[in-house]
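This report concerns only the one structure given below.
The values are calculated or read from the model by the stated rules, or taken from the named source; none is laboratory data. It should be emphasised that the depicted structure is a prediction, and the values quoted were computed from it without experimental measurement. When we count neighbours, we look across all protein chains shown, and the Cβ atoms used for this are built from the backbone with ideal geometry, even at glycine. Just the protein is used for accessible areas: all its heavy atoms, side chains included, with ligands, DNA and RNA removed. Shrake-Rupley method; radii C 1.70, N 1.55, O 1.52, S 1.80 Å.
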Amino acid sequence: MTTTAPLLDIKNLHHAYGPGSIAIDDVTFSVNNGKFTSIVGPSGCGKTTLMKSIAGLLSFTSGQVNLLGQDVTEVPSDLAMVFQDYSRSLFPWLKIGANVELPLRYRGLDVKEREQRTQESLEAVGLGNKADKYPWELSGGMQQRAAIARALAFHPKLLLMDEPFASVDAQTRADLEDLVGHVHRTLGMTILFVTHDIDEAVYLADEVLVLSKSPSRVVERIAVDLPAERDQVTTKESSAFVTLRSQVARLIRHAPDSESVGAANE
Amino acid sequence: MASILSGTASRAVRPPASGAPKLQNEFMSGAKFVIIRIAAPVILVVLWQIAAVAGDSLYFPPPSEIAVRMYELWFSGPSPWFVTPALVADIGSSLGRMFAGWGIAVVLGVALGIAIGRSRVVSQLVDPIVHFLRSTPGPALIPVFLILLGTDNLMRISLIAFGSIWPVLLNSIDGVRAIDSTQLETGRAFGLPWRARIFRIVIPAAMPKIFAGIQVSLAVALVLMVISELTVSTDGIGHQLLTAQQTFALTDMWAGIALLAILGYLLNLGFTVIERRVLRWYRGARQHD
Ligand SMILES: Nc1ncnc2c1ncn2[C@@H]1O[C@H](COP(=O)(O)OP(=O)(O)O)[C@@H](O)[C@H]1O
Ligand SMILES: [Mg+2]
């Protein structure tokens, strides 16, 4: 294996929304190209803040976010995002096809390429015949598929997903997890996936990053050495999976506050 | 008219109708509904006719006479449109000014509304000024506009624009301020340049509110068009009205009023048709909520 620079490199990221309201204390980690990294942590610990910092949507207080060798100071061009709130992230005045196609217009693609990519990615998420529907004509699960299709059509180097399946039902959630896993394996896309569901985090990832309570620090990085091909039933009943999920659960349950993490890191 | 001139138009922000009453409405909107809608004005006109004939007043000619006069004045032209040159002259110059003024109001109102609504600081600065200015009744400014801009079209167009910009401006500010931050962040995250974010996200997202404002401003523009023509003019419907009144041609005067009513109705109808098309997504999205 060659030692190439990581795709994403975050050093001492710190963000406070105001005096005294520190969301992220000190977060450092890196993500290699092609890796699937899950981020778990208690609610309100700063996961969304972290994602927005990476996406260039927020000017963080201090630290460094480096994507593809470039410091993130504005929105990077090789990054796409899937928000938790699909119903507010898809534009209700555009049909599904137009929603997927809109960002492509500003990537220097001609009409044919745009149409082709739109159709391809809609088919990849199983919405090949829904391009002419409005988002609000589709179920929640389908809307989130459309949001994923929009991100895929963008061909990003890094895909950020912030609790993307938190508001769909269990069966849809399992389907969408497998869809994302499939996309990751077949396209080799680097994905940063925030979730508060431990099973989901372990099931999908190459690596799980556990964050402490707010203000957050990285408690632990856990490599997930499960076989690449995963299955909702067999993977989840394997002893390796069960061990990993207990490990993560224990870390979250007994998540130390930042001082003791800091002390442990000394 | 006071209620038209004050307050933001909020028609578009009613809570969504629940399923059951809507279904009932659909039953109502059958033949019964149409008959009721047509019956009321017909009865009114018939009563008016009877009263006018019975009263036999010089000031209140019966509607039949007014209708005949309208036909003679405006609708007895050559086929296929049967429009007389007088109609084209009166309505043409009036509407030309109205659309010019209203158009300026819409474009300026939306542009300023976006600029103001996007910035919290600017909107707080501008808010009191806007509310003060919009409380000034448009017609009260006619003397000022006369002195500054003279008596020609420029003065009338400016008056219409000034008077009808407020509903558009206030509703645009409101609409832009209410845009969901996730929609804006989506646009940024996917690298849309700022122009695209304005034209493809901000304006469409604020469109329901903007349209409500535009519709109110259309009514205001019509009123100001007539008022400006009643003051000083050489053509237009208002001028026709004024001349008729001054020459004691009372049937002509009533015909002018009826023509204005029809015009106002048609303008609003046309606007509603456009609005239904443009905001189809909005109606749909709310029904599916
Ligand atoms: N715009 C904001 N202004 C002030 N505080 C905020 C803002 N957004 C988030 N916070 C606070 O920062 C902390 C982290 O929030 P967030 O990143 O959304 O956490 P998570 O996504 O892990 O639930 C929370 O305590 C939250 O209340
Ligand atoms: Mg969050």
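Here are some notes:
- Qualifying residues in the range A:188-209 (those that are β-branched (Val, Ile, Thr) and in a helix (DSSP H, G or I)) - the one farthest from A:Gly108 (Cα to Cα): A:Ile198
- In the set A:Val65, A:Val111, A:Val72, A:Val31, only one residue is open to solvent by 10 Å² or more (accessible area, probe 1.4 Å), away from ligand 2 (no atom under 16 Å from the Cβ), under 19 Å from the mean Cα position of the chain (by Cα) and not basic (Lys, Arg); that residue is A:Val72.
- Any chance A:Ile39 is away from chain B (no Cβ under 14 Å), open to solvent by 40 Å² or more (accessible area, probe 1.4 Å) and either within 16 Å of ligand 2 (Cβ to nearest atom) or β-branched (Val, Ile, Thr) (or both): no
- For A:Ala80, the conditions (1) near ligand 1 (Cβ under 9 Å from one of its atoms); (2) closer than 30 Å to A:Ser139 by Cα; (3) open to solvent by less than 10 Å² (accessible area, probe 1.4 Å) are fulfilled apart from (1).
- Of the criteria (1) within 21 Å of the chain's Cα centre (by Cα); (2) farther than 17 Å from B:Gly187 by Cβ; (3) within 16 Å of ligand 2 (Cβ to nearest atom); (4) open to solvent by less than 70 Å² (accessible area, probe 1.4 Å), which one A:Asp26 fails: (3)
- Residues being part of a helix (DSSP H, G or I), among the charged types (D, E, K, R), touching a residue at least 24 places away in the same chain (Cβ under 8 Å) and at the interface with chain B (Cβ under 10 Å from one of its Cβ atoms) are represented in the range A:148-155 by at least one member.
- Where helices (runs of 4 or more DSSP H) fall wholly inside the range B:211-289, the ranges with 3 or more residues that are open to solvent by less than 40 Å² (accessible area, probe 1.4 Å), modelled with pLDDT under 90 and more than 14 Å from chain A (Cβ to nearest Cβ) are B:237-246.
- Hits in the range A:42-62 - residues which are away from ligand 2 (no atom under 16 Å from the Cβ) and more than 14 Å from every other protein chain (Cβ to nearest Cβ): A:Thr61, A:Ser62
- Residue in the range A:95-112 that is within 29 Å of A:Ser43 (Cβ to Cβ) and facing chain B (nearest Cβ under 9 Å) present: no
- Condition check for B:Gly175: within 14 Å of another protein chain (Cβ to nearest Cβ), assigned to a loop (DSSP other than H, G, I, E, B) and more than 18 Å from the chain's Cα centre (by Cα): no
- Residues in the range A:161-187 that are assigned to a helix (DSSP H, G or I) and under 14 Å from A:Phe36 (Cβ atoms): A:Glu177, A:Asp178, A:Leu179, A:Val180, A:Gly181, A:His182, A:Val183, A:His184, A:Arg185, A:Thr186, A:Leu187.
- Selection of the range A:167-187 for residues being open to solvent by 40 Å² or more (accessible area, probe 1.4 Å) and either among the small types (Gly, Ala, Ser) or under 23 Å from A:Ala223 (Cβ atoms) (or both) yields A:Ser167, A:Ala170, A:Asp178, A:His182, A:Arg185, A:Thr186, A:Leu187.
- Of the set (1) within 15 Å of ligand 1 (Cβ to nearest atom); (2) in contact with a Gly (Cβ under 7 Å, 6 or more places away or on another chain); (3) among the polar types (S, T, N, Q), all apply to A:Thr195 but (2).
- Look at the range A:47-62: where a residue is over 15 Å from A:Leu209 (Cα atoms) and more than 9 Å from ligand 1 (Cβ to nearest atom) and a partner is part of a loop (DSSP other than H, G, I, E, B) and not hydroxyl-bearing (Ser, Thr, Tyr), sitting 6+ places away or on another chain with Cβ atoms under 7 Å, you get A:Ser53/A:Phe60; A:Ile54/A:Val72; A:Ala55/A:Val75; A:Gly56/A:Val72; A:Gly56/A:Glu74; A:Gly56/A:Val75; A:Gly56/A:Pro76; A:Leu57/A:Val75.
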